[in-house]
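Each remark here refers to the structure printed beneath this line.
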């Protein structure tokens, strides 16, 4: 056997070039994949994020009242009539934008609104409600934010429609607008009331 026969045949120049192109293309393909996933995430409407609690009983909780209020909020208060539960904070700009809507609903006695005050200082929460007006039937102080986490809150404001049976029927993420109120929230309140009365 000659020395030449003992040497492994070398890879053809075309095979080496193909493998090299593949190795160079992998990072680019990975980047495109990651960019695609991020683009999908950025294009999702955060107000359409699903809630695992829809169709479930409201999580059990019992919150003390916000400073200066006499009625706290507990899960047992959410049974007996259709209501809204609004998660808000004095430091939340979007909460300020939706607050006049809740004041009008409260004055018109359209639907009971309960508040969960999220990660707020007691003085700031009391001052905010004293200054802006208090539309809430009951308001619980969730100072450490644990109750809001149990409700699956992503950030404030968020508003839930709760049936008379204490079951969460709908979750609105972000400030409630007049459109969201008239197109989605109040029609759902009426459907739930009709369903409870039949």
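Please treat every number below as a calculation from the coordinates, not as lab data. Worth saying up front: this structure is predicted, and the values here are computed from it rather than measured.
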For q = 0.13, 0.16 Å⁻¹, what log10 I(q)/I(0) does the stretch 105-186 give under the Debye formula with an equal point scatterer on each alpha carbon and no solvent? -0.44, -0.68
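Specify, per residue and in Å³, the volume enclosed by the convex hull of the alpha carbon atoms belonging to the stretch 48-197. Before the final figure, lay out the partial values.
Details: hull volume 14.9 nm³, N = 150.
Residue-normalised Cα hull volume stands at 99 Å³.
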